[in-house]
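The structure appears right after this line, and notes come after that.
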Amino acid sequence: MITIVSISMVTLTTGIVYLYVELVAGGSAEGRDVVLAGLLAALIALAIGLYFAQVVTQRIRTIEEAARKVSEGEFGTRIPVESSGQLGQLARTFNEMQRRLAELDSARKQFIANASHELRTPIFSLGGFIELLEEDEPSLEERDEFVRTMRQQVERLTKLTSDLLNLTQLDAGGIVMESRDIDLSGLSREVAREFGPRADLRGSRLELRTPDVPVRASADPERARQIIRILLDNALTHTPEGASITVTTYSANSRAEVTVSDDGPGIPRRLQGRLFERFYTAAASGGSGLGLAIAREIAQRMGGRITVASSKRFTAFTLDLPPASRAEAAAIPSPARVGV
C-alpha cells in the first residue's frame, strides 16, 4: 500500500511537470528529459519499495505462523529479531509472550499430573476396601477397621478437593480479599479452640500465648482464620502424638504476627525452601502438599507473608500481617487473656 502510494505521488508529480513544460513553457528537450528522469525515478522507487515490502511481509508472515503454532499449543518457535524498529520490538514482545505461555502450560500440566496422582491414591484405596468387603467375610473388628480407614480416605478426598478449589479460585482471581482491622489475638484464640478436641485425641498439648494488649492487624478475617487453621492442621499432622504446639500472637517491627510452633522432629534446612511449593510434602505422614501453598498465596494477597524457622525438635511458621490503623485499633475492645 505504501509503495503504491509513493509511486502514484512520483507519477503525479512527473505528469504535472510534463504538463507545465508542454503547455506553459512551450515544450523543450529539457522538459522531456525531466519527464524521463521522473519516470526513471518512479521505476527505481517501485523496485526499492517492492523489495522492502517483501522483507516486511516476510517478517509479518513469520510472526503470523508463530502465532498460529501458539494457538495450536506449540510454544517452541522463536522469532528471530532482525531489527531494532517496530517489527523488532514486536518480535521481542512475541517471544516473551511465548516464554511465559510455555511456563504456564508446563505448570498447568504439572498441576494436573500431581492432582491426578493425589486423587488416584485414596480412590484406589477405597476401591480395594470395597472389594474386600464384597468378596471376603471380615470379622467385626476387621470391618470396623476397614470403615475407619475408608472414612479417613473420604476425609482426605474432601480436603483435597477443597484445596484444589481454593487454588483454582486463587489462580483465576475469584477470591476477593476484604481487609479490615481485626483482633489477631482473639481470632487465633477462636481457631485454637476449634483444634482443641483434635489435639486432645492425639495427646498433644495445645497452648495459646497472647500479650495483655491485643494484637491488631489489617486483614480479611475469614482468610486469616483459614491460614491459622492450615498452620495448626500442618502442626498436628506432621508431629508425633504427645507433641506440644503453641500459638503465639505479638507485634514486632510495626507488624502483627502469629506464630504456630511445635517441638516435633524439625525440618532439614535443605527442604525448608520447598515447603510452600504445590504438592510438595517433606514427610510421609499424610497431606496433599497444598495447604502451605494456599496459605502463602492468601497471605501475599493480604499484603503479608509466611516464613518458617526450624531446627532439631523445633519448627515455627509465622504469619506476618500489616498492622491495623490507629483509629480503628482504638475502637476494638481489648479482650482478657484466655488459655486453651
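What follows draws every value from the coordinates through simple rules; no lab data is involved. Keep in mind that this is a model prediction, so the values were computed, not measured. Methodologically, a virtual Cβ is constructed for each residue, glycine included, from the backbone with ideal geometry; neighbour enumeration extends over all protein chains shown.
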Requested in this report: Please report Glu134, Glu145 as a ranked list, fewest other C-beta atoms within 10 angstrom at the top and most at the bottom.
Outcome: Glu134, Glu145
Report summary line: Of 240-246, 57-63, 136-142, ordering from highest average Cβ density within 10 Å down gives 240-246, 57-63, 136-142
Report summary line: Partner aspartates and glutamates whose C-alpha sits under 18 Å from that of Lys312, ignoring same-chain residues fewer than 8 away, are Glu241, Asp262, Asp263
Query - Stokes-Einstein D (µm²/s) once Rh is taken as the Kirkwood radius of region 121-262 over alpha-carbon pairs, at 37 °C in 0.692 mPa s - result: 184 µm²/s
Query raised in the report: In what sequence do Ile79, Ile123, Ile227 fall when counting other Cβ within 10 Å, fewest first?
Result: Ile123, Ile79, Ile227
Requested in this report: Could you tell me whether region 135-177 comes out rounded, prolate or oblate from its Cα gyration tensor? Rule is a ≥ b ≥ c as square roots of the eigenvalues, rounded for a/c under 1.5, then prolate if a/b exceeds b/c, otherwise oblate.
Outcome: prolate
Query raised in the report: What percentages, rounded to whole numbers, describe P(r) for region 108-172 computed over all alpha carbon pairs with 10 Å bin width beginning at zero?
Result: 19, 40, 23, 13, 4
Query raised in the report: Can you give the net charge of the other residues whose Cβ lies under 12 Å from the Cβ of Ile228, counting K and R as +1 and D and E as -1?
Result: 0
Requested in this report: Starting with the fewest neighbours, write out Val258, Val56 ranked by other beta-carbon atoms found within 10 Å of each beta-carbon.
Outcome: Val56, Val258
Query raised in the report: Using 7 Å Cα-to-Cβ label points, what is the Leu101/Ser162 separation (nm, one decimal)?
Result: 3.8 nm
Report task. Could you tell me which of rounded, prolate or oblate describes region 180-331, using a ≥ b ≥ c as the square roots of the eigenvalues of the alpha-carbon gyration tensor, with rounded for a/c under 1.5 and, failing that, prolate when a/b is larger than b/c and oblate otherwise? Result -> prolate
Report task. Compute the distance in nm between two label points, each set 7 Å from the Cα along the Cα-to-Cβ direction, one at Arg78 and one at Phe314. Result -> 4.8 nm
Query raised in the report: For Leu271 and Asp136, what is the calculated FRET efficiency with R₀ set at 25 Å and r taken between the beta-carbons, to the nearest 0.05?
Result: 0.05
